[in-house]
Each structure stands twice: as structure tokens, then as C-alpha cells.
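To start, the structure under review is shown below, and the notes come after it.
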Amino acid sequence: MNAHFPAITICFLTLIFNACSSHQPTDTQATDSTTIAAASRPDTEVEITGHMVDLGLTEATDWRGINLGDEFAKVKGLEKGESFESDAEHIGYTIELKNLESADMLYYQTDKKVSAIDVDLFLNSRQSVTDYQKDLESYFTGRYGAPKPGDGGTVWTEQKGYKISLKDVSKGKDFGLKIKIGLVNGSPTASKK
């Protein structure tokens, strides 16, 4: 019997160790910020596809590493190249995409914080509009939940009171999409367009 004692002891200790290490926190235990952030996100996954990579989008930010509410100086630190437009209220950048397509982005500020983002995608064809629109809808749905029709396109409302809209603005042979990210009410871009 003494020969089996170490083997039985090792098996017993292994069972106890595995049971303790797989213990899940209960509702009364504290949760960390990762758990809280995960609980506030929609159940869908954010998919970063080829088009989203080209646009520089990430799983964790509103647009190209920038979130509404970030310090406005962060925009100048993250965007590359010269701005094409700048004043006390906003700054604009252009990025070149594949197939001679491009995106113009205007970042607005209120009290030195990013308060709204407007994006114009200049595309070459109806197919390109369809492809970008499909990928952007999937991306925004993964980040913000189910969309609703509105503003002549598709709208997502974020828990913090932000509204994201995606609209096909193609006319004739000029193909493009318009994206607006801002406050549900009182976006600084609402009075400018």
C-alpha cells in the first residue's frame, strides 16, 4: 500500500490544483477594467479586413487610433504627413488608398478634445463603394452593435452618446462614402454641412 501512496497523493493534489486554478469570479467579486470593457461591447466580433487595414482602423478606437474625447494633440501625433486644412476648430488629413482612391478626414475639437470626425472616401467604382460599405458596416456593427437606417444611410448609436453614420454619396461617375462620428445631439459638424 505504501508504493501507491505517492501516486494517489499526486493525483489528488493535481485535481485540487486544477479545481482552484479554473475558479471563476462570482458576481460579488471585483472585476477588472478588461472585464468591464468587454461587458460593455456588443457580442459581435470586430473584423479588421483588407479595406479596414488600408484605412488604418483598429478594434479599439473610433477612427485610426483616435477616440472621441482624446486630446486633440493626439491627432497630430498619429496622422502622418501635412494637413490639408487647419484652423482653431479642426484639422484635415488625406490618405492615399489602393487604385488611386483616397480618404479625407476632418477631426474637430471642443475644449482641446476630439469631438467629431468626418471622413470622405473617394472611390473609383460602384463595386468599390459596395465593398467598402459592406466592410465598414461589419466593422461598425462589431464595435457599436446593430445599426438602424437614418440620415440617408446607416446609423449606429454608441453607449456614450455618440452617433456614427455611413452614407453612399455617389453621384454619376463620382463614387464615394461619407462617414460621420460625433455626438448624437450637437455635433460641431452638424451646423457646417
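Just so you know, all these numbers are worked out from the coordinates, no wet-lab data involved. If you're wondering where the values come from, they're calculated on a predicted model, not measured in any experiment. Note: ideal-geometry Cβ built from the backbone for every residue, glycine included; neighbour counts use all protein chains shown.
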* To do: Give the residue from LEU100, THR110, SER165 lying farthest towards the positive end of the charge dipole for region 68-183; charges sit on Cβ (+1 for Lys and Arg, -1 for Asp and Glu) and the dipole is referred to the Cα centre.
  => SER165
* Asked: With a ≥ b ≥ c the root eigenvalues of the C-alpha gyration tensor of region 68-183, is it rounded (a/c under 1.5), prolate (a/b larger than b/c) or oblate?
  -> oblate
* Would you mind checking which residues have amide H under 5 Å from LEU97's amide H? H placed 1.01 Å from N; only 5 or more apart, or other chain. => SER102, ALA103
* Which ³J(HN,Hα) values, rounded to whole Hz and listed in residue order, are derived for region 125-136 from phi using the Karplus coefficients 6.51, -1.76 and 1.60 in 6.51 cos²θ - 1.76 cosθ + 1.60 with θ = phi - 60°, glycine and proline given as x? -> 8, 4, 5, 5, 4, 4, 5, 5, 4, 4, 5, 5
* With respect to the cross-link table entries LYS74/LYS98; LYS112/LYS160; LYS98/LYS173, which display a Cα-Cα separation exceeding 21 Å? -> LYS74/LYS98
* Would you please put 76-84, 48-56 in order of how densely packed they are, using the mean number of other Cβ atoms within 10 angstrom per residue and starting with the highest? => 48-56, 76-84
* Those lysines that a straight Cα-Cα span of less than 16 Å connects to LYS134, excepting residues fewer than 8 apart in one chain -> LYS148, LYS167, LYS178
